[in-house]
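These notes are about the structure you will find just below.
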Amino acid sequence: MSESVRTIIILVCLLLFGSAFEVSSNENVQKTKVLDDSSQLIPEAMFREAYSQFICSRLEKKKDDIILSRFTVSGDKPLPAGKVSLKLFNKGREEFAGYVRLIAIVSIDDIPKTEVKLSGWVDVFDSVVCASQNLNRGDVITAGDIHLERKNISRLNSDTLKDVDQAIGLMAKHDIKDNDCLKEWMLKRNPLVNKGDMVTILAEHGSIRITAPGRILEKGYMGDYIKVQNAMSKKSVYAKIINDSTVVVDF
């Protein structure tokens with residue numbers, strides 16, 4: 001295959017694969033291995049560094065948050081002497097944890113020369129929500145029930161919670177053990193009001209503010225519009241739940 005045809009094919013690859021991440025040899029401590037005056041071989045360490053930078057960039061993580069193992073390079077070969085630059089692409093997969101394969105387009109003096117396949121196992125560490133004590137089915141999660149703990153999220157389900165606000169106020173669907181990582185499926189919304197609860201019905205318009213006692217006619221969650229009976233007039237209205245003791249009607 002002629003050099004011009006090879007260059008065209010590599011340029012097409014640049015367009016077909018996802019977004020690129022470029023690393024120049026001048027940005028790396030590792031240097032290429034000079035074979036003679038006209039050729040060089042790119043060391044695995046340079047590919048490894050570029051691979052790690054790509055993963056950290058995509059995940060918006062620091063280098064200390066990533067552990068790379070079982071790294072392999074396929075297709076590396078001697079190239080002409082000159083300045084080396086690498087453009088890395090993923091092959092359509094958006095997750096960059098676990099087993100990750102990337103493509104590196106290698107250029108010499110800004111001219112694409114070859115395509116190299118990179119792969120490895122990526123362990124990513126992040127803070128996730130964990131139980132601070134044993135929780136029973138039906139318990140409503142409070143701030144004291146949970147904490148953030150650094151874990152290897154590459155080996156956790158994607159629905160593991162990473163923000164305590166995602167859990168506070170929700171109800172445990174089943175028993176949860178101390179230090180278990182909380183996942184979305186473990187929790188459900190907790191009704192803020194239930195049928196029969198007494199609340200204050202509030203109507204406001206400008207400086208006018210009217211309140212009346214009311215009785216909840218159906219369970220509801222924060223922000224829901226539910227049916228409420230005015231305890232004085234016995235008429236029913238639909239009101240929005242503001243908290244566990246107040247609902248608001250349009251006025």
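Quick grid of which residues meet (1) crowded, with 18+ Cβ neighbours inside 10 Å; (2) part of a strand (DSSP E or B):
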residue	(1), (2)
M46	yes, no
Y51	yes, no
I55	yes, no
L102	yes, yes
I105	yes, yes
S119	no, yes
Of the residues that sit in the stretch 99-135 and are more than 22 Å from K62 (Cβ to Cβ) and charged (D, E, K, R), which one is nearest to the chain's Cα centre (by Cα)?
R101
For T72, state whether it is modelled with pLDDT of 90 or more, touching a Lys or Arg at 6+ places or on another chain (Cβ under 9 Å), surrounded by fewer than 18 Cβ atoms within 10 Å (Cβ to Cβ) and within 17 Å of E115 (Cβ to Cβ).
yes
Over the stretch 209-246, the set of residues farther than 17 Å from N190 by Cβ, among the aliphatic types (A, V, I, L, M) and touching a residue at least 24 places away in the same chain (Cβ under 8 Å) is I210, V228, A231, V237, A239
Which members of the stretch 160-195 meet the condition of being assigned to a strand (DSSP E or B) and of a type in the set (D, E, K, R)?
K183, K188
Hey, does the stretch 181-199 have a residue that's of a type in the set (A, V, I, L, M, F, W, C) and over 30 Å from Q133 (Cα atoms)?
yes
Quick one: in the stretch 219-235, of everything that is basic (K, R) and more than 13 Å from L192 (Cβ to Cβ), which residue is surrounded by the most Cβ atoms within 10 Å (Cβ to Cβ)?
K227
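The values are calculated or read from the model by the stated rules, or taken from the named source; none is laboratory data. Please read all numbers here as calculations on a predicted model, not as lab measurements. Note: ideal-geometry Cβ built from the backbone for every residue, glycine included; neighbour counts use all protein chains shown.
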